[in-house]
Structures are given as structure tokens and as C-alpha cells.
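The block underneath contains the structure these notes are about, expressed in C-alpha cells.
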Amino acid sequence: MTPLSPLFTGFALSLGLIVAIGAQNAFVLRQGLRREHLGLVVAFCAFADLALISLGVAGLGAVLGGAPRLVLWLSLGGAAFLAWYGVSALRRALGAERLVAQTGGAGLTRIGALARVAGFTLLNPHVYLDTVLLVGSVGAAQPAGAQPLFVLGAGGASLFWFGALGYGARYLAPVFARPRAWQLLDLAVGAMMLLLAAGLLRGLWPAPV
């Protein structure tokens, strides 16, 4: 069986990490419901993820280029984390969370919207763990020629998610306010993360001749 394609791996990994309930997603949903500076907010979120992922893949790729044993350990660690994240998502599916956007209050200026989305994005320490370390390490472990496809897939997932959440807010807000929707989403995320973990481990062993 051939390993998962780098484009699909980057897309699925990034998408699985950003769809969790959080302040950034709630803010994008709010701006989508208000139709207020939405293009700026979505573009900032997508570009920030792409930049951080690219830095992670490039920086870790340079380090890993001359350290094949480190590639092995990072791949094993990444697979373990993905498996843990997948199991955690499956366990979250047993809960009853929901995403609620606070749409009250005065409108934001362009600078105010940019400042808020920058804070929600860049002041969250988990964004660096997810994009630079986790996604970066998985991307850097890809063959050199496949790394651009991986980054393209990961960045595309961010643009897809934030675009869909913001521009589809009027339709998605009632859906994501239902705990059942997040349970189904967590089930899908959990299954995808376990699949990625298996694919990462399978890629460590050469195909039989």
C-alpha cells in the first residue's frame, strides 16, 4: 500500500487541528454573521497559518536534512501525537460542546478587527505547537520534492476552513450551535488523525520488493 499523498496529508492534518472550538473560530464566525471586514479576517487567518507552517517545514527541514535518525524519531513522535489527538477527538465526541458567536456590541474598525484576529491567532501558544512544531515536523519528514505539496495542502485547508466558516456563517452558525454537529465533526477528525498516524508510521518502512 502506498503512503498517503503529501497534498492530502497536509490538508487533512491542518484541517483536523484548526476545526476545534476556540476563540479564533468564534471570532471568524462573528465577523461572518456581521459581514464585517470578513475578507481581511479570513485572509489573515489563512496567511498566518501558511507562513507559520512554511517556517516550520523549512526550518525543521534544514535541521533534519543531515540527521536521518532525527527524522525517524520525529516521525514516531508525530505519529504518537496524532494517535493521541485522534483518541482525544473521539473522546470529545462523547461530550456536548457547541460554538457560539457573540455578535453584540459596537462594530469594529478595520484596524480593530485586524488587531483582534491577530491577538486570537498569534497570542495563542497552541498555534505554534500545531503549525510550527507538529505540522512542521510532519512536513519536514516528507521527501524534499514533496514538501511544497504538503505545505500547499496544509495552507489550502486553512483557507478552506476559515473561508467556509466566515462566508457560510449564516448557514453554519445554527449547525455549530448544536452539540451533535461537533460530536460528528470530532468523530471525523478522530478517524482522520488515526489514519494519518498510521500513514506516517507506514512511510517509515520501505515498500516490499
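The values are calculated or read from the model by the stated rules, or taken from the named source; none is laboratory data. No experiment lies behind these values; they were computed from the predicted model shown. We place every Cβ from the backbone using ideal geometry, glycine too, and count neighbours over all the protein chains shown.
In table form, for the structure just shown:
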item: Any hit, segment 167-182, residues being farther than 15 Å from Leu76 by Cα, within 16 Å of the chain's Cα centre (by Cα) and modelled with pLDDT of 80 or more; result: no
item: Filter result (buried (at least 21 other Cβ atoms within 10 Å of the Cβ) and either under 22 Å from Ser88 (Cα atoms) or modelled with pLDDT of 95 or more (or both)) within segment 13-28; result: Leu13, Ser14, Gly16, Leu17, Ile18, Gln24, Asn25
item: Test result for Ala48, out of contact with any strand residue (DSSP E or B) (no Cβ under 7 Å at 6 or more places or on another chain) and modelled with pLDDT of 90 or more; result: yes
item: Complete set of residues in segment 5-26 that are under 14 Å from Leu172 (Cβ atoms) and either in a helix (DSSP H, G or I) or in contact with a Pro (Cβ under 9 Å, 6 or more places away or on another chain) (or both); result: Asn25, Ala26
item: Leading residue by the ranking (farthest from the chain's Cα centre (by Cα)) among those in segment 29-50 that are surrounded by 23 or more Cβ atoms within 10 Å (Cβ to Cβ) and closer than 30 Å to Ala79 by Cβ; result: Cys45
item: Residue match in segment 89-108 (condition: surrounded by 14 or more Cβ atoms within 10 Å (Cβ to Cβ), touching a residue at least 40 places away in the same chain (Cβ under 8 Å), within 19 Å of Val19 (Cβ to Cβ) and among the β-branched types (Val, Ile, Thr)); result: no
item: Residue match in segment 165-188 (condition: touching a Ser or Thr at 6+ places or on another chain (Cβ under 7 Å) and either in contact (Cβ under 8 Å) with a residue 60 or more places away in the chain or surrounded by 18 or more Cβ atoms within 10 Å (Cβ to Cβ) (or both)); result: no
